[in-house]
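Only the coordinates and a few stated rules stand behind these numbers; no lab work does. Everything numeric in this text was worked out from a predicted model, so none of it was measured. We place every Cβ from the backbone using ideal geometry, glycine too, and count neighbours over all the protein chains shown.
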Amino acid sequence: MENVLRPLFRPPLASFGGHRHRVATDALLNLFGPTDSGFLFDNLAKQAYRDTDLTTLVSADGQAVAGLKDRSPGGNNWTQATAASQSTYKTGSPPYLSFDGGDSYARDGAIGKFTGDFAIYVAAEASWASGTAKALLTKSDTSYSAGQWPLFWCFDVLGNGSGRFVWNLTSGANGSASVTSASALNAGPHVLGVERSGSTIQYFVDGVASGASATSSVTLGNFTANMEMGRFWFGSSGYVEFLTGKIYRPGILIDRSFSADERATVVSNLGAGLL
């Protein structure tokens, strides 16, 4: 029998940072080890559902999204049972979730203990400098004392258009610390990220370090509460920072930081068709 050599499959190229990177179907899933905590939402067409039981995928433009099915090993799905608070699925290349300033999703239960390094990345678009802060991913403790801030971390964009990661994770404290992007975000979609490596926390815009880093022993998993997407619970102020904008890929959360090559892979995949 004739031995015919067949060319190996090579995934398509995507642009990032002036270079071309291979975008592999499971490149992001392969970042997770068997014991890594977090979530992965990188393909809404296959992860957005019309019901909270996650049995019926969205199939048309304009349908409400009741749940998001996680691809990470932890199976950390997100749901929203209240119809008025569900975002709208919009077709496109890529598709996106449209948040109208009153939509949100919650992760029911803990996503594991984040006691060391971590990375969070989201592909989103909004009128960044709109005068109103916009929450992407947040976590808050609903127990707090009068006159004190609740324990929280918040990955958001300020009203002046600057990307921010802010936290207050010391019990009884009345203050916070943060890292922000070097300047207001340019119009259009971005892959926004934050990583802790050792004691250093750094903000990233489209894979490039932006703004001054901070030194902190911040531990994301040292209190109990559900995570939220699209809003931020802030103690006696209630829910604030409702998102008005688009989330193309809710992204990745993992309990470690990335190498430069891994970061390029994350941004290439989350930013495919956007950057």
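Some points to look at:
- D by Stokes-Einstein for the range 209-275, Kirkwood Rh over Cα pairs, 25 °C, 0.890 mPa s: 160 µm²/s.
- When you count the other C-beta atoms within 10 angstrom of each residue and take the mean per peptide, 260-270, 78-88 line up highest first as 260-270, 78-88.
- Using 0.36 nm per residue and subtracting the Cα-Cα separation, the extra length available between T52 and V208 on full extension is 52.6 nm.
- Modelled this way, with points 7 Å down the Cα-to-C-beta line, the labels at S237 and T115 are 3.2 nm from one another.
- Where labels lie 7 Å past Cα in the beta-carbon direction, separation of A83 and D26 in nm: 3.9
- The label-point distance for S176 and K90, in a model that sets each label 7 Å from Cα toward Cβ, rounds to 2.7 nm.
- Within-12-Å neighbourhood charge of L243 [Cβ basis; K, R +1; D, E -1]: -3
- Distance cut-off 17 Å, percentage of C-alpha pairs in the range 68-136 lying past it: 58
- Radius 10 Å from Cβ of G92, net charge of other residues (Lys, Arg +1; Asp, Glu -1): +1
- Using a Förster distance of 22 Å, the FRET efficiency for A260-A45 (Cβ separation, nearest 0.05): 0.15
- Counted charge near L29, where neighbours are those whose Cβ lies closer than 10 Å (Asp, Glu -1; Lys, Arg +1): -1
- Cα gyration tensor shape of the range 52-99, rounded if a/c is under 1.5, else prolate or oblate by comparing a/b with b/c: oblate
- Close amide H contacts of V240 (hydrogens built in the peptide plane, cut-off under 5 Å, sequence separation of 5 or more or a different chain): F232, W233, F234.
- Highest-first arrangement of 34-41, 120-127, 50-57, where packing means the average Cβ count within 10 Å: 120-127, 34-41, 50-57
- Calculated FRET efficiency, S59 to S216, Cβ-Cβ distance, R0 = 51 Å: about 0.70 to the nearest 0.05.
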